[in-house]
Amino acid sequence: MGHARRAAVDVQLHVQIDPTEVRAHLERLLASHAFSSSPRRAQLLRYLVGRALAGKGEQINEYAIGVDAFGKPPSFDPRLDSIVRTELSRLRQKLKEYYAEDGLRERIQIELPPRSYAPKFRLREQMREAAPQPGVQHHPRWWLRAGAIAAADGIAALAISAVAIWALRSTGAHPMNSVAVLPFVNLSPDHRDDYLADGITEELTNDLAQSAGLRVVARTSAWLFKGRAADIREIGRKLNVADALEGSFEREGDRVRITAQLNRTSDGYHVWSRSYQGQDRDMMAIEHQIAQSITGALGGRVVRTTAVVTADSTQDPAAHDLYLRAYELGLHHPGSYRQSLALFDQAIHADRSYVNAYIGIARVHIQLVHLTQEAPQQGFAAAKAVLEKALALDPACGEARGLLADLIAIDEWNWPLAEQEFRRALEQGAQSTTHSLYGSLLATRGRFREAQAELRTAQDLDPLAMGPRFNQVQAFYMQRDYAEAVRIVRGMLEMNPDQWDARFTLAGLDIYQHNCEDAGRQYEWCARKFSAPVTKIGLALASACAGKREQALSYLDQAKRPDPTGYTSPFQLAIGYSAIGDKEAAISLLEKSADIKEMQVLVIKYDPVFDGIRGDARFIALEKRVGLLN
């Protein structure tokens with residue numbers, strides 16, 4: 001660190017950042033929605049950054065933060081009052097969320113390293129260059145391939161959007177037997193234990209989901225409330241649940257303390273609460289005790305099916321810990337996937353019968369294929385192999401069967417077998433992801449009513465997740481109900497007018513309603529936010545819509561150039577060339593898309609953009625090749 005207020009700040013990558021630039025970045029960050037709605041976290045971050053820029057970062061300690069930042073009296077004892085540890089944990093999460101969303105394009109990143117109170121300042125482009133992740137291309141989160149399993153996305157054509165859609169859903173009365181497990185807070189002195197708190201949240205969600213008669217909101221929706229001081233009634237409204245489970249985790253040495261509390265969302269009434277203490281090896285037993293207590297508190301209409309849970313879990317504490325570490329790594333950024341894969345492997349070596357670890361390996365392989373497009377045959381084959389092992393261990397595992405059904409559809413193009421497996425998975429209790437994947441694939445077969453029913457179920461189970469809403473828009477688009485698709489997207493934009501992916505989606509819908517000028521404005525806005533191949537193709541579509549063929553060709557040429565900010569998909573280029581009437585180029589690109597097993601190719605039978613080439617013999621042959629025609 002520098003020793004004077006005006007000295008440059010030395011960062012870990014041996015570059016220097018002007019303190020003025022850091023302060024300007026801090027003000028933008030604090031003005032964002034994530035921090036303007038969290039004044040305590042904003043106050044804490046301003047204090048920490050100010051001390052660091054003054055060259056006093058190493059003098060920051062828990063007592064000083066409590067007194068200086070939170071106004072605690074001189075008698076403040078951080079051993080008795082955990083406010084500093086709690087708020088620092090929440091601040092770290094807020095920073096992660098900011099740099100993954102609103103701050104994605106920021107040049108500077110502020111970090112709070114574990115076990116340290118002194119913030120670090122980094123240049124993000126230098127971080128990307130330094131990251132030792134061979135073979136992994138880093139793309140912004142919204143450009144992850146449609147169909148990425150962790151987000152439960154389905155199939156997407158570029159003209160609608162190959163990006164994720166977030167949506168809030170508010171209904172009337174909450175279902176009586178419905179619960180959300182909110183992210184547990186890590187109160188441990190060592191913030192490296194965050195993964196354990198996250199793991200408890202995930203495993204309780206999975207455990208409760210095995211209870212007949214209980215609707216359990218999926219993790220992806222509940223996770224949006226991590227680190228947020230939201231009112232319990234707001235949470236109930238947005239997740240459409242009657243009850244919410246909150247809790248905390250704390251570890252000192254080999255002793256753990258887990259506190260859980262079930263609250264009624266209609267009025268905040270405490271339905272049940274309890275603290276559990278034990279050793280590290282007792283964590284799995286404690287999780288199951290909490291789940292049993294919750295279902296008991298909810299009444300006799302909920303029936304536990306613990307045999308299914310036990311079959312998927314492990315009795316080996318070491319394997320369990322490795323699984324939680326691997327799972328936590330898979331939550332954040334693509335560069336961590338390979339580390340996650342290695343830890344899942346270690347968990348299986350510790351317990352060869354650990355079904356959830358096999359499923360974790362499959363998810364990572366699938367994500368890497370969708371993200372990098374490297375060796376899809378090998379990646380999908382590896383995923384199928386471990387899913388088959390999981391099903392050999394537990395034939396009733398609906399989650400493993402649902403993932404395998406999706407791979408059969410998108411990799412083998414064997415729809416009859418895939419549908420058979422999807423139906424078995426749903427009978428076995430598969431959750432939101434399987435409903436969403438099945439619904440998206442039903443739409444590619446023109447079975448739109450069935451598709452929307454599955455997608456509504458997926459949305460009900462995961463009301464804030466990106467997949468179900470996005471797939472609903474896709475299905476309406478393919479059945480040419482543009483008005484209904486627009487209605488959903490406009491609702492998203494009312495919640496967040498700056499949402500890049502929703503604007504991109506709306507622009508695509510404008511194209512098919514011949515609103516060329518509106519589409520052009522939306523795509524231009526997107527291009528300013530995110531200069532990458534996908535936005536160039538969007539601008540080409542708007543130009544083609546307006547009759548400007550040469551301009552469209554120019555944009556397509558730009559999209560074909562290598563670009564570190566995004567993957568150029570043959571399928572998406574095919575959409576652009578089809579829009580300008582270049583049948584030869586479009587069909588050639590679609591064939592290439594099929595060669596590399598891009599899952600978007602499965603939409604070709606009902607995607608309106610291909611109406612002009614649908615009668616070509618090569619197009620019909622491609623439909624047969626990918627299993628869309630008998």
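The values are calculated or read from the model by the stated rules, or taken from the named source; none is laboratory data. Owing to the predicted nature of the structure, the values given are computational and were not obtained by experimental measurement. Neighbour counts run over all protein chains shown; Cβ positions are idealised from the backbone, glycine included. The area values use the complete protein model at the heavy-atom level, side chains included, leaving out ligands, DNA and RNA. Shrake-Rupley method; radii C 1.70, N 1.55, O 1.52, S 1.80 Å.
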Q | Per-residue ³J(HN,Hα) for the stretch 527-544, Karplus 6.51 cos²θ - 1.76 cosθ + 1.60, θ = phi - 60°, Hz, x for Gly and Pro | A | 5, 5, 6, 8, 7, 8, x, 4, 6, 5, 5, x, 5, 5, 5, 5, 5, 4
Q: Just check the stretch 443-531 against the gyration tensor rule for me: Cα atoms, a ≥ b ≥ c as the square roots of the eigenvalues, rounded for a/c under 1.5, and otherwise prolate or oblate depending on whether a/b exceeds b/c.
A: oblate
(Q) Which order do the peptides 530-543, 272-285 come out in when sorted by mean C-beta neighbours inside 10 angstrom, highest first? (A) 530-543, 272-285
Q: Working from the alpha-carbon coordinates of the stretch 47-86, get Rg over Rh, Rh being the Kirkwood radius.
A: 0.99
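Please list 515-522, 436-443 highest first by mean number of surrounding beta-carbon atoms within 10 Å per residue.
436-443, 515-522
If r is the Cβ-Cβ distance from Arg449 to Arg338 and R0 is 45 Å, what FRET efficiency results, to the nearest 0.05?
0.60
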Q.
Test of understanding: express the Cα radius of gyration of the stretch 503-629 as a ratio to 2.2 N^0.38 Å, with N the residue count.
A. 1.01
**Q.** Whole-Å semi-axes of the stretch 315-462's equivalent ellipsoid (Cα gyration tensor)
**A.** 26, 17, 15
Q: For Arg487 and Arg23, compute 0.36 nm times the residue count separating them, minus their Cα-Cα distance, and round to one decimal in nm.
A: 163.0 nm
**Q.** All aspartates and glutamates inside 13 Å of Lys94 as judged from Cα atoms, apart from same-chain residues fewer than 8 positions distant
**A.** Asp102, Glu111
Q | Probe 1.4 Å, all protein chains present, accessible-area order of Arg228, Arg561, Arg401, largest first | A | Arg561, Arg228, Arg401
Q. Tell me, what is the FRET efficiency for Ile620 and Gln551 to the nearest 0.05, using R0 = 30 angstrom and their Cβ-Cβ distance as r?
A. 0.40
Q | For Trp272, distant residues with modelled amide H under 5 Å away | A | Leu262
Q: Just grab the label-to-label distance for Glu584 and Arg79, each label 7 Å out from Cα along the Cβ direction, in nm (one decimal).
A: 8.1
**Q.** Separation between Cα centres of the stretch 446-491 and the stretch 51-114, rounded to whole Å
**A.** 41
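To the nearest 0.05, what FRET efficiency results for His270 and Leu393 with a Förster distance of 45 Å applied to their C-beta separation?
For His270 and Leu393, the calculated efficiency is 0.70.
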(Q) Using amide H atoms built in the peptide plane, which far-off residues or other-chain residues are under 5 Å from Ser178 H to H? (A) Arg215, Ala242, Asp243
Q) Can you pick out the pairs among Lys384/Lys597; Lys560/Lys583; Lys529/Lys592 whose Cα atoms lie more than 23 Å from each other? A) Lys529/Lys592
Q) What order do you get for 617-625, 200-208, 588-596 when each peptide is scored by the mean count of other beta carbon atoms within 10 Å, highest first? A) 200-208, 588-596, 617-625
